[in-house]
Amino acid sequence: SENVENGIVKVLVTREEVEKTVKRLGSEITRYYDEKETDLLLVGLLRGSFVFLADLVREIKLPLMVDFMSLSSYGDGTVSSGDVKVVMDLDTSIEGRDVLIVEDIVDTGNTFSKVIRMLKNRKPRSLKVCTFLNKPECRIVDVKIDFCGVDIPNEFAVGYGLDYAQKYRNLPYVGVLDPEILEE
Ligand code: PRP
Ligand code: MN
Ligand code: MG
């Protein structure tokens with residue numbers, strides 16, 4: 001079964017829940033932007049969001065464009081450094097556009113708040129945020145999430161884009177890593 005592979009001790013979001021959640025978010029986003037004259041740009045935050053973003057775009061039934069920013073605050077550790085580095089910026093101008101930032105997880109909120117601050121300065125027409133996972137217990141910076149997937153408890157999660165030391169992103173579900181692996 002999926003929960004005994006790869007050093008995973010517990011499954012937090014099964015493949016089936018992943019699929020259901022992405023479909024639900026896709027239709028919420030479609031419904032929301034469909035009522036507007038929209039020039040929608042999805043901004044995926046690398047690296048973590050790439051799996052979710054790839055699935056999500058196929059559930060949004062509207063014309064859209066995709067660009068990426070690369071940010072890093074955890075490095076190879078399990079604790080937010082609080083210092084969010086911009087590794088790569090957008091290649092697209094967002095002025096006057098409807099921008100939807102897409103994340104794999106909101107934990108302390110440091111990453112989202114940094115990106116929101118940066119992008120607001122560039123005068124988008126609108127700026128919304130979507131995350132697949134949310135860890136409300138871990139919030140340090142308050143961020144308003146417009147489209148939210150699944151709330152998870154305060155445990156170090158991997159899979160579906162989330163890594164530990166850059167590994168486990170390819171698991172098709174979200175799980176908790178064996179603490180012994182985190183100690184190595
Ligand atoms: C992780 C995750 C989110 C962020 C959430 O990124 O992908 O982007 O941390 O945590 P926060 O709310 O505490 O800021 P990470 O820095 O590990 O980079 P990665 O996406 O390349 O894994
Ligand atoms: Mn990330
Ligand atoms: Mg990471």
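The values are calculated or read from the model by the stated rules, or taken from the named source; none is laboratory data. On a predicted model such as this, the values are computed, not experimentally measured, just so you know. Because the Cβ atoms are built from the backbone with ideal geometry, glycine has one as well, and the counts that use them run over all protein chains shown.
Within segment 37-89, the residues that satisfy the criterion of being more than 15 Å from ligand 3 (Cβ to nearest atom) and assigned to a loop (DSSP other than H, G, I, E, B) are E37, T38, D39, R58, E59, I60, K61, L62, P63, L64, D89.
Flag: I8 does not match the condition of being surrounded by 16 or more Cβ atoms within 10 Å (Cβ to Cβ), farther than 23 Å from Q166 by Cβ and over 16 Å from the mean Cα position of the chain (by Cα).
Looking only at residues in segment 90-127 that are of a type in the set (D, E) and more than 17 Å from F50 (Cβ to Cβ), the one that is surrounded by the fewest Cβ atoms within 10 Å (Cβ to Cβ) is E95. Could you check, for segment 101-111, whether at least one of its residues is more than 25 Å from P179 (Cβ to Cβ), away from ligand 3 (no atom under 16 Å from the Cβ) and at pLDDT 95 or above? Scanning segment 101-111, I find at least one residue that is more than 25 Å from P179 (Cβ to Cβ), away from ligand 3 (no atom under 16 Å from the Cβ) and at pLDDT 95 or above, so the answer is yes.
Against the numbered list (1) farther than 26 Å from R24 by Cβ; (2) in contact with a Cys (Cβ under 6 Å, 6 or more places away or on another chain), Y74 comes up short only at (2). Would you confirm whether any residue within segment 12-32 is touching a residue at least 60 places away in the same chain (Cβ under 8 Å), part of a strand (DSSP E or B) and either under 14 Å from K128 (Cβ atoms) or not polar (S, T, N, Q) (or both)? There is at least one residue in segment 12-32 that is touching a residue at least 60 places away in the same chain (Cβ under 8 Å), part of a strand (DSSP E or B) and either under 14 Å from K128 (Cβ atoms) or not polar (S, T, N, Q) (or both). All of (1) closer than 24 Å to C138 by Cα; (2) part of a strand (DSSP E or B); (3) away from ligand 2 (no atom under 16 Å from the Cβ) hold for V99 with one exception: (1). Checking each residue of segment 109-123 against the condition of being assigned to a strand (DSSP E or B) and of a type outside the set (S, T, Y) gives no match. Mind checking whether some residue in segment 163-176 is of a type in the set (A, V, I, L, M, F, W, C) and either in contact with a Gly (Cβ under 6 Å, 6 or more places away or on another chain) or without any contact (Cβ under 8 Å) to a residue 24 or more places away in the chain (or both)? Yes - at least one qualifying residue is present in segment 163-176. For segment 131-184, a residue qualifies if it is under 15 Å from V11 (Cβ atoms), exposed (fewer than 15 other Cβ atoms within 10 Å of the Cβ) and modelled with pLDDT of 95 or more, and the qualifying residues are P153, P172. Six or more apart or on different chains, Cβ under 6 Å: which pairs go from a residue in segment 35-50 that's in contact (Cβ under 8 Å) with a residue 60 or more places away in the chain to one that's among the aliphatic types (A, V, I, L, M) and within 11 Å of ligand 3 (Cβ to nearest atom)? Could you list them? If the second residue must be among the aliphatic types (A, V, I, L, M) and within 11 Å of ligand 3 (Cβ to nearest atom), the pairs left are L45/L71; G48/L162. Check segment 55-73 and report whether any residue there is modelled with pLDDT under 95, within 14 Å of the chain's Cα centre (by Cα) and surrounded by 19 or more Cβ atoms within 10 Å (Cβ to Cβ). For segment 55-73, residues modelled with pLDDT under 95, within 14 Å of the chain's Cα centre (by Cα) and surrounded by 19 or more Cβ atoms within 10 Å (Cβ to Cβ): present. Which of the residues belonging to segment 145-183 are β-branched (V, I, T) and either within 16 Å of ligand 3 (Cβ to nearest atom) or not in a strand (DSSP E or B) (or both)? Matches in segment 145-183: I145, I152, V158, V174, V176, I181.
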